[in-house]
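The values are calculated or read from the model by the stated rules, or taken from the named source; none is laboratory data. Just so it is clear, the model here is predicted, and its values are computed rather than measured. All Cβ positions, glycine included, derive from the backbone under ideal geometry; neighbour counts span all protein chains shown. Protein only, heavy atoms only, side chains kept; ligands, DNA and RNA dropped before computing areas. Shrake-Rupley method; radii C 1.70, N 1.55, O 1.52, S 1.80 Å.
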Amino acid sequence: MPLLSSKIILNNALQKNYLVGAFNVNNLELFKAVISTAEKEASPVIIQVSLGAIKYAGIDFLQAIVQTAEKTSTVNFALHLDHGKTFEDCVNAINHGFTSVMIDGSSLTFNDNVSLTKKVVDYAHKFNVSVEGEIGTIAGIEDNVNVIDENSLYTNSDEAIKFAKLTGVDSLAIAIGTKHGAFKFAGEPNLKVGIAKEIHYKLPNLPLVLHGASNVPDYLVEKINKYGGKLKKAKGVPESIITSLIGTGICKINIDSDLRIAFTATIREYLFNNPECIDPREYLGVAMTEVQNLVSHKICLFNLLKNK
Ligand SMILES: [Zn+2]
């Protein structure tokens, strides 16, 4: 199926009350695991690529993988740039077939964030590419995104509404207390879902985006620790919180850390149990299967909301 813009995918989710998984990929194995699972579950999906992933894999290689999937895929999917930092990042992505870009001006002043985002929106819309903006800073560590807690802010809902109106963004990432990375909370999560609800009340047609939404499942953290890794205090967003997001306007759920953890845990276990193995196809193969299981679980969780 041809790629869709994430605007079409997210507006549909918003209207029909379900969530869409936006999964970060940076190699062939992760990409195939996500797209094959979306096909199995017959669910739309957003494939995300960060600047770090582009640096690692090369944008032309990533584009070629996606173009190949476009010919054979049986589900709607979008190719999205995660955390673009500059206008040029977004132009480069659009030139390479991305149907959706994020421009993250959240570290700028409000006015500078508005002008950068508006510039990207004006350009992207000429190519039917949708744009995700960000207002309020999401803490934690991700590729090219490193915000210490002291600087992390909860999004101000009035500012977010003003920002959306001034820029014309197609979706908006907001900070409600989640963090990037595997170490999200020292104690109990304190997520302010009311921020999303306030924005959604004023702008009911604007899809909102939750970054830092990985669950960091205990069984995978235990597996990593059992086979020589060190993720002692990793903690993610409980699934009960994710399923409570229905009706809040949040409909794009970004998942990166969970895929990394599933992939790595499986490879650690496999190599420990098969010390003679030197064939990457063996351990990458089982890692792909584990990622498929995880993505399948997520998609079922997100789609459960359809019937609530
Ligand atoms: Zn993010």
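Scan the stretch 261-288 residue by residue and report those that are in contact (Cβ under 8 Å) with a residue 24 or more places away in the chain and out of contact with any helix residue (DSSP H, G or I) (no Cβ under 7 Å at 6 or more places or on another chain). Hit for the stretch 261-288 is F272, nothing else. Only one entry in V120, V66 is in contact (Cβ under 8 Å) with a residue 24 or more places away in the chain, away from the ligand (no atom under 16 Å from the Cβ), under 27 Å from K32 (Cβ atoms) and among the hydrophobic types (A, V, I, L, M, F, W, C), namely V66.
In this structure, I103 does not qualify as at pLDDT below 90 and either within 27 Å of L4 (Cβ to Cβ) or away from the ligand (no atom under 14 Å from the Cβ) (or both).
Could you please give the count of residues in the stretch 229-270 that are of a type outside the set (V, I, T) and within 16 Å of the ligand (Cβ to nearest atom)? Final tally of qualifying residues: 9.
Among the residues of the stretch 132-182, the ones that are modelled with pLDDT of 85 or more, of a type in the set (A, V, I, L, M) and touching a strand residue (DSSP E or B) at 6+ places or on another chain (Cβ under 6 Å) come to 6 in all.
Looking only at the stretch 82-119, residues that are more than 22 Å from V66 (Cβ to Cβ), of a type in the set (S, T, Y) and in contact with a Leu (Cβ under 7 Å, 6 or more places away or on another chain) come to 0 in all. Any residue in the stretch 174-195 that is away from the ligand (no atom under 16 Å from the Cβ) and either more than 17 Å from I241 (Cβ to Cβ) or touching a Pro at 6+ places or on another chain (Cβ under 6 Å) (or both)? Taking every residue of the stretch 174-195 in turn, none turns out to be away from the ligand (no atom under 16 Å from the Cβ) and either more than 17 Å from I241 (Cβ to Cβ) or touching a Pro at 6+ places or on another chain (Cβ under 6 Å) (or both). Residues that are of a type in the set (D, E, K, R) and either assigned to a helix (DSSP H, G or I) or under 30 Å from H200 (Cα atoms) (or both) within the stretch 279-295 comprise R281, E282, E290, listed in sequence order. Could you give me the residue pairs with C-beta distances under 9 Å whose first residue belongs to the stretch 1-30 and is farther than 24 Å from A53 by Cα and part of a loop (DSSP other than H, G, I, E, B), whose second residue is among the small types (G, A, S) and open to solvent by 30 Å² or more (accessible area, probe 1.4 Å) wherever it lies, and which are 6+ apart or on separate chains? As it stands, the answer is N17/G247, since those pairs meet every condition given.
Answer yes if at least one residue in the stretch 69-82 is outside any strand (DSSP E or B), among the charged types (D, E, K, R) and over 15 Å from the mean Cα position of the chain (by Cα), and no otherwise. Looking for residues that are outside any strand (DSSP E or B), among the charged types (D, E, K, R) and over 15 Å from the mean Cα position of the chain (by Cα), one finds at least one in the stretch 69-82, hence yes. What are the residues in the stretch 95-127 that are in contact with a Ser or Thr (Cβ under 8 Å, 6 or more places away or on another chain), open to solvent by 70 Å² or more (accessible area, probe 1.4 Å) and in a loop (DSSP other than H, G, I, E, B), if any? Of everything in the stretch 95-127, just one residue is in contact with a Ser or Thr (Cβ under 8 Å, 6 or more places away or on another chain), open to solvent by 70 Å² or more (accessible area, probe 1.4 Å) and in a loop (DSSP other than H, G, I, E, B), namely S107. Going through (1) buried (at least 17 other Cβ atoms within 10 Å of the Cβ); (2) at pLDDT 95 or above one by one, N273 falls short only on (1).
On inspection, F185 qualifies as part of a loop (DSSP other than H, G, I, E, B) and either of a type in the set (F, W, Y) or open to solvent by 10 Å² or more (accessible area, probe 1.4 Å) (or both). Screening the stretch 69-94 for residues that are of a type in the set (D, E) and away from the ligand (no atom under 16 Å from the Cβ) and picking the one that is surrounded by the fewest Cβ atoms within 10 Å (Cβ to Cβ) gives E88.
Only one residue in G236, G212, G247, G229 is surrounded by fewer than 23 Cβ atoms within 10 Å (Cβ to Cβ) and in contact (Cβ under 8 Å) with a residue 40 or more places away in the chain. Which one?
G247
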